[in-house]
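Okay, so here's the structure we're looking at.
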Amino acid sequence: MSHLSNREIDNMSADARKKRLNELQEEMLLLRAEQSLGGSASNPGAYKQVKRSIARLKTKMHEARRE
């Protein structure tokens, strides 16, 4: 499941956020590779969902650092 809501991210610990960020980045890499090879994506909206989830995670991590 690649979609993360803000509520889910708020309930995560800092280590869990880092781990999930790495997982999402690996998933993004696979989606990019699939897309670059010219194959049709199994889920066309997955790329956008993963990208947004990564952005949400990075935002929350940055906010936590500033506090």
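Where a number appears in this text, it was derived from the coordinates with a stated rule and is not lab data. Given the structure is predicted, the values throughout are model-derived calculations rather than measurements.
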**Prompt:** Rounded to the nearest 500, what is the chain's calculated 222 nm mean residue ellipticity when only DSSP H runs of at least 4 contribute -39500 (n - 2.57) each, over all residues?
**Reply:** -24500 deg cm²/dmol
**Prompt:** Relative to the longest principal Cα axis of the chain, at what angle does helix 14-36 sit, 0 to 90 degrees, rounded to 10?
**Reply:** 20 degrees
**Asked** Can you give me the relative contact order of the chain as a percent, contacts being Cα pairs under 8 Å and 6 or more apart?
**Response** 51 percent
**Asked** If you compute Cα extents along the principal axes in Å for the structure shown, which of [x] 43, 21, 17; [y] 44, 17, 16; [z] 81, 22, 13 do you land on?
**Response** [y]
**Message:** Helix 46-66 against the longest principal axis of the chain: what's the angle in degrees, Cα atoms only, rounded to the nearest 10?
**Reply:** 20 degrees
